[in-house]
Each structure stands twice: as structure tokens, then as C-alpha cells.
Amino acid sequence: MSTTTPVPTRSAGLRNLLTRKGGNKQGHTTFVDRAALGVAGLMVLLALVGPYLAPMDPYAVDLAKSLTPPGSEHWMGTDANGRDILSRVLAGGRTTILATVAVIAVATVIGTLIGTAAALGGRIVDEILMRICDVGLSLPAIVVALGLAAAMGPSLQSAVIALAATWWPGYARLVRTLVRETRDAEFVESARVLGVSRTRLVLRHVLPNSLSALYVQTTLDVSAVMLVISGLSFVGVGAQVPASEWGAMIAASRDTAITAWWTVLFPGLAIALTAIAFNLVGDWLRVRTDPTLRTGGR
Amino acid sequence: MNTAEETPLLEARNLVKTFSGRSGTRAVNDVSFTVRRGEALGLVGESGSGKSTTARCVAGLLHPDSGQVLIAGQDVTRARGRALRATRRRIQMVFQDPYSSLNPRMTVADLVGEGMYVHGIEPDRVRRRDRTVELLETVGMGSEHLDRYPRSFSGGQRQRIAIARALAVGPDLLICDEPVASLDVSVQAQVLNLFGDLREKLGLSLLFIAHDLAVVHHLCGRVAVMNSGRVVEQGDREQVYTSPRHPYTRALLDAVPVPDPAAERARAAGRGAVHTQNHHEEKR
Amino acid sequence: MSGHPTQGTPLLRIQDLCVSYPTPDGLKEVVRGVDLSVSRGERVALVGESGSGKSVTARSVLRLDSEARTSGRVLIDGQDVLEMNSKEVRRVRGARAGLVFQDPLASLNPVKTVGWQITQPLRIRGMGRREARRRAVDLLGRLGVADPARRFDDYPHQFSGGMRQRVVIAIAVIAEPQVLIADEPTTALDVQVQAQVLELLGELAQEKDMAVLLITHDLGIVAGFAQRVAVMRDGKLVEEGDVDRVYASPRHPYTRALLDAVPRIGDQPGRRLGTAAATADPVSVSPEGEEL
């Protein structure tokens, strides 16, 4: 059996490192996995209800309280404009996470469609689609975002569009490889002999058995996309001041970072924690979803 | 009017299949055979003899370069559309490796029921499930397995599920590509017995591809021997096994290990002289 | 158990061997108290179905699995392999005990010439390049490789399956080990090549007076190759004895069932094959639906 797909992951070792079980291949859920799932779940929850949890108005400027250190009133302190950082982190989670999810969702859908078409559509279709992918892959997200910002004005929307447009070719490539591997599997041939229609063959037999590596990749990419969005906001082409978005918050606090550490620490921590959590969940999913990995042997 | 009786269920006429790349070697070269209703034809040969490629051409998984496959007289290499699907249904296939021939994400009920669903044989969900239970019983499995996934079954059980899946569309002929090659002898015995039962109960015809001459002898009344893409000998079981005409068949039969120490010793003694000169035959 | 005539002290003696592997659910015992011995010049077959522990037994003899926890004794010429340190074990492999595996492609190094690989066991022991080459070419010729002097410098992928297995055999026997362990050596081969390879193996063993332990699932191969046979099931030997005796009148019901499960040319076609040997083919479903 022999055909276990080597899943391209950027940090496949992180989970093993943390769980200290060289090659935890059994898909056993460890403490670290539960913690990561918890944090990731919390972040998703935050995206839904974060703004309602904020103890204060995240936009209320109070210059008298400017740069108050963390204390009993402001748990995470305030920024240069005297806004409560805890409230801004809670509210900003929604912006950051929703933007990330939007990028990944759009890129996944386009990538799956293009990748599947390339794998099953014959040589000419494959050739054309892959050349388009090459073009997409050669464009850096930052450059596209800067271009779009120039054309449409800098906004979170243009950052999301730019990122999705540069992100899908990677998925298309991955899906193409995965589908090509599955399309010649014996169970697909078995379905062909049975007389299963082409649509059903793709939807029921090929894709479900191809895409688990894609899900893993997207989960792992959550952290990468989030960092890029925050980065774009940081350089000024993403979310605009005074919007509470984690990257934008750090950007706005550039000048105060040295004297008032809390202005960058807490949004930075939120980004790091979410990124690590999703990374770990991705690793966990990778082992969990692959039936061939789980049964071992075959 | 028994012309229908006389048309063979399956006929392969001068099949040729060449794979590109390998300097155009013909994997299957002018292969012809027939399988009559209720008959079991064994296709034996060593690896690379073209027996699997032949099976896949007959099953419609490969398109032959030339030649025809006729199912009950209808040429399926030319046919298209609905008529083709209806005819194709009459021939089903069981694959060698039960670990890769079942979709790991479908339950037993879905796997066995799929054929009935896609061909509209049993559109009703409940009735389909009842029929699935019947089919599982036919292959010697209980209905308690309906909602399980392939991974929880042993190789022999998976092969039974694969057989039930093929039987669900009511085929007249089953192509079996080394269906017991990856099973332990004891499980192999169970599956071979099952094939025997199915032939008796359902009047099923078989095109049985195997490298194991003893297995083919056990199951098939007629045998075709393949070597380098060609059928070198074809005939009734008795004739092929007891008085093989082609030297290749003889060599093949002579090499089969027999689970009988005395017979093996006698043969080794007889072979000694012949064998020393054969040593240098097998080159690249 | 040892009712057979002993030809002097056995070269390979396995005593009460137990092997377990760590799994997430604790230690799993795969071999449970196996006793087996092979004398000089004797050919013994260990048969069983998958999961019987036959391969694990063979691999334990040369301590090939670092994860395995073993107990008992494995004596090669009186020395306990299980007691040795890794350096001593390495010295035993190749020199005193040779190994032939099922898959010739997996056991050959694709980027080294076959000549390099065959001469390694000799070179490690300090033999000169010239002499090692001479012996390897001799042996290859002996094993029926045509034009061995030229093939010496070829790479494994330039060989056919049967030829590759001959190379593997050459590597295993070049240093003239006293014990040869062959784990399903012909399972990947076609019948004709299988017959040739087995015959060569037998001839070599006889010539060098080696003790051979053949691991196989094929009762036909056993009949033609071995003098003595041990039948294994669930990590235990259920029966052991002279091949003629075991095949003619098996004592253990499992052996009988196994022999009855094999179709033979010459039998009544379509006869009901014995299925008693199959362990009721249980559905091995744990609560999580994982395979056991």
C-alpha cells in the first residue's frame, strides 16, 4: 500500500516537536492538539462575537488616558489615543480572521476548480491552465496589493482580492497533483467499470479522496495568510486607521512600541497565538483525515 | 430460435494494445478468445504477459488499438452512450488488491448499492438497502456490516464486498484480475469456494486472470495461456494440463511447486539435467 | 518437539523466543515462545500465514528491528545474538549469517554497482579488491548470471527481477556464512524464475554445508525445498517435523486445514477447499473503527 501521499506542509514537524512523540502517526489526540483546537475554536468564536465582548468602545478616543499601562481598569493598557487595547484586540479579531477566511475560501474554490479541470481535462487544457498558474505564482501578493491599492484605493477589500488572486494558483497546483494521483486508483477504475457517470466519478470518488491534503494545507495557510494581511495593513494597503485590525494596530503603534510595549505586544500575541494554533490544527488534521495513515500497514 | 444461445457471451477478436514509450512493444498482440454463457475461462501467464491488459481492454478501462470486444454479439469498442452503458453492465470486474479497489470513504451499503443507484435498478433507498443485505448474504457477510467503512475489514472480507458490489448490477460475466493473489491460502480457499458457489447459484460466467496455475485448474473449465502478449495455447482444462501442446505451457506447468514432498523430489531429479542448460537462458 | 534426528549440535538454535512491539495501546506480543533449531547442512522451512509471526522470528535472529523487544535466546554457533552489542551483531550479519529478502529491489542500493554491493561483505573484512572481484564474478557465474565479468559493473535497475534476486543471494552468501535466512525469497518472482532461484539456493546451501531457514507462506515451495518444516500460527509453533511426515499425516488440525486449503493440479476441479484454517475471518473493529 502503499501509496501514502506525502503532504506538502510547511511545518509538519511543529506538532511532533511539541507532543514529543517522534512520528505521532496514529492520529491520537494529545493535550497539545486539544489546546490548539481550543485556541483555534476560540479565535473563530472571537470572529463571530468578539465586538460584543469588548468591555469598552474600541473606537472611543480619550487622550487623557493616552498610553496607560496595563492595569485593573485597562487590562491591556491603552494606545496613544487612549483607546482600550483589550477591546480593540477583541474587535479586531473579527476583521483579521474574516479577511483570512475570505482569502482562503475564494482561493480554495478557484484552486479546486482549476486544478481538477487541469488534471482531468486532457493535455491541452492542462497545459493552458498550468501556464496561467505559473503567471499567478510569479506575482508577489504585496505587489498586486500595492497595484490594486493604487487603482481602487487602499482598503481591506483590495488586500483580500489581491491575496486571493495570488493565492489560488498554489492550490490549483496541489489539487492537480492530488487528483492525478487519485484518478488512476483502483477504486476509481472499479467505479468506471460499474458505469458511474463522469460527474459522480469526480464528485464522489475522485475529489473526496484527493482533497484531504488540501484541507490540511488551507488550515496551515491560515497563519500565513493572516500574517500577510496583517503585514499589508501594517504597510498601509490593508485595513485603514482607525479600524481595529491586528496588523494595523501594530502599524499604528510603531512610534510608541519602545516606550509603551503593550501597544504592540497584545495584538502581536493575538496574531502569533492564532497562527500557531491553526498550524497545529493543520498538522493534527493531516494525520486524522488520512485513512491510509491511520490504519498503518497498507 | 436459439441463435441467442449460440452467440458467445463475450468475444475478444484480434485485440491489439500498444503502450507508447517502450519502443512500441505490443502489450497485447492479436488476442482472441470467447467465453460462453456459464463458462469459466482462465487466462494464465507470468507478469508482463499481457493478461491484465487484456482484461482491462475487455472491461472497457483501456481502449484497444485495434480488434473488437463483443458482448452478446454487440461490439462495445464502437458503441457509445446509453446502449453502451446497458451492455457494459453485463460485464463487471473484481480487482486484485481489495485494499485499493474500494473507495475508503464509502460505507459498505454505499459501495454495494452504488451500481443499483447509478443504473436506476433500485431507485428507492429502503429497497436498495434490503437488496444490499441480500447481496451481502450471497457473498457470506452479515448485514451488521452495512454502515462500516472498508478499513475495518480484512482482505478476504474486502474482496467479498468487492464481489457483492460487482454482482449488484446483475452481470452475466465477472472479470477477475488476480482476485486471490494477495490473500492468505486459507482466505483464498474461502473466496475460491465463493466463486464456485456463485457460478452454481447464479450461472455466472468468469474470465479469471491468474498467475497461479493450480487456482485456474481448480476453477476454470477452459484455459488460455498467454506469453509476451499472445495467447500461445487455448483449450479445455484436461487437455492443457495433462497434454500441453506448446513448450511454454509445459515449462510453466513444470515450474509450479506442488505441495507434495515425494512428487517434488521425483521432479527435481528429472529436471536436474534439463535445468543446468536453462540457467543461462534468462537474460535481461 | 525435537523428535527428529539431530545432526550434531545445531548451528542456529532459537530458544523460547518472544518478540513484542510497542504500539499506542501498549506492547503487542507477536512471537510467543518459539523453539527451533537448524543444523549444519539442513534446510528448514518456517511456514505460516500473514500475521503468524514467521517473518518477525526470522528478523529477530539478526536483530533487524530496533523497536522489537525480545526475550529468549538465539544462538548462532553457540553465541547468543540477543546478548550481543550492536558491533558484534554487525559482525554476525553477513559473515556468519546471510539474509535474503523478499523484495530484491528494496534490498539493493540503486546508486552502487552490483559488484560493489556483492564485494562489500568481503571488503569489510579486509579482502583486497582484486580477490573480492574474482570471487564475486565466480559466484555470479555460479548463480547463472550470463557474462558475469561485464554484469559486475552494472547497476541493479539493469537487471531483471530474477537476476536481481540472484544478486541478493550473492551478497548473502559471498562471505560463506554458516547460516542463511531467506524470508520469502521468491514471492515476487514468476514461477519459472522461482524454480530456478530455489534450485540455486538449494545447491549453494548443499555445497557450502549451510544451515538454511526458509520463511514462506507457500506450501508447495516447502515441499520441494525443505527437509524439515515448522508451522507457525499466532506467534507459536503448532507443529514441527520431517516434511514427508507433516505432509502425509499432519498432527495438528491447523496444519491439516492449511494443507486442505490449497488447490492442486490433479485434484478434482472445483472441490470444496478447506476453510478451517481461516481464523473465522473476524471483523476486527475496535470502537474507533480502526483496524487491529
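The table that follows gives values for the structure above.
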read-out: Any hit, the stretch C:193-202, residues being closer than 16 Å to residue C:107 by Cα and free of Cβ contacts under 8 Å to residues at least 60 places away in the same chain; value: no
read-out: Extreme residue, farthest from the other protein chains (Cβ to nearest Cβ), among residues of the stretch C:124-136 that are open to solvent by 30 Å² or more (accessible area, probe 1.4 Å) and assigned to a helix (DSSP H, G or I); value: C:124
read-out: From the options C:194, C:227, C:206, residue that is among the polar types (S, T, N, Q) and farther than 24 Å from residue C:75 by Cβ; value: C:194
read-out: Residue count, the stretch C:247-279 (criterion: at the interface with another protein chain (Cβ under 9 Å from one of its Cβ atoms), in a helix (DSSP H, G or I) and open to solvent by less than 60 Å² (accessible area, probe 1.4 Å)); value: 5
read-out: Conditions (1) open to solvent by 30 Å² or more (accessible area, probe 1.4 Å); (2) away from chain B (no Cβ under 14 Å); (3) among the aliphatic types (A, V, I, L, M): number failed by residue A:203; value: (2)
read-out: Lone qualifier among A:180, A:192 - being within 14 Å of chain B (Cβ to nearest Cβ), more than 21 Å from the chain's Cα centre (by Cα), at pLDDT 90 or above and open to solvent by 20 Å² or more (accessible area, probe 1.4 Å); value: A:192
read-out: Qualifying residue in the stretch C:205-223 (condition: over 20 Å from residue C:49 (Cβ atoms), in a helix (DSSP H, G or I) and under 15 Å from the mean Cα position of the chain (by Cα)); value: yes
read-out: Filter pass, residue B:186 being outside any strand (DSSP E or B), among the hydroxyl-bearing types (Ser, Thr, Tyr) and touching a helix residue (DSSP H, G or I) at 6+ places or on another chain (Cβ under 6 Å); value: yes
read-out: Qualifying position, being within 7 Å of chain C (Cβ to nearest Cβ), surrounded by fewer than 19 Cβ atoms within 10 Å (Cβ to Cβ) and over 21 Å from the mean Cα position of the chain (by Cα), among B:266, B:251; value: B:251
read-out: Test for residue B:169: is it β-branched (Val, Ile, Thr), more than 19 Å from residue C:49 (Cα to Cα) and more than 9 Å from chain C (Cβ to nearest Cβ); value: yes
read-out: Counted residues, the stretch A:77-106 - those being part of a loop (DSSP other than H, G, I, E, B) and open to solvent by 40 Å² or more (accessible area, probe 1.4 Å); value: 2
read-out: Residues that are crowded, with 20+ Cβ neighbours inside 10 Å and of a type outside the set (S, T, N, Q), drawn from the stretch A:252-270; value: A:252, A:260, A:262, A:264, A:266, A:267, A:270
read-out: Number of the condition not met by residue A:70 [criteria: (1) in a helix (DSSP H, G or I); (2) surrounded by fewer than 22 Cβ atoms within 10 Å (Cβ to Cβ)]; value: (1)
read-out: The stretch C:31-80: number of residues that are in contact with a Lys or Arg (Cβ under 6 Å, 6 or more places away or on another chain) and open to solvent by less than 30 Å² (accessible area, probe 1.4 Å); value: 9
read-out: So residue C:56, is it touching a residue at least 12 places away in the same chain (Cβ under 8 Å), of a type in the set (Val, Ile, Thr), over 28 Å from residue C:138 (Cα atoms) and in a helix (DSSP H, G or I); value: yes
read-out: Single unsatisfied condition, residue C:224 versus (1) under 22 Å from residue B:184 (Cα atoms); (2) at pLDDT 90 or above; (3) more than 7 Å from every other protein chain (Cβ to nearest Cβ); (4) open to solvent by 40 Å² or more (accessible area, probe 1.4 Å); value: (3)
read-out: Members of the stretch C:172-206 that are open to solvent by 40 Å² or more (accessible area, probe 1.4 Å) and more than 14 Å from chain B (Cβ to nearest Cβ); value: C:176, C:178
read-out: Qualifying residues in the stretch B:142-154 (those that are at the interface with chain C (Cβ under 9 Å from one of its Cβ atoms) and either closer than 23 Å to residue A:186 by Cβ or modelled with pLDDT of 90 or more (or both)) - the one surrounded by the fewest Cβ atoms within 10 Å (Cβ to Cβ); value: B:148
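The values are calculated or read from the model by the stated rules, or taken from the named source; none is laboratory data. Remember, it's a predicted structure, so these values are computed and weren't measured experimentally. No Cβ is skipped: glycine too gets one built from the backbone with ideal geometry, and neighbour counts run over all protein chains shown. Keep in mind that these areas ignore ligands, DNA and RNA; they rest on the heavy atoms of the full protein, side chains included. Shrake-Rupley method; radii C 1.70, N 1.55, O 1.52, S 1.80 Å.
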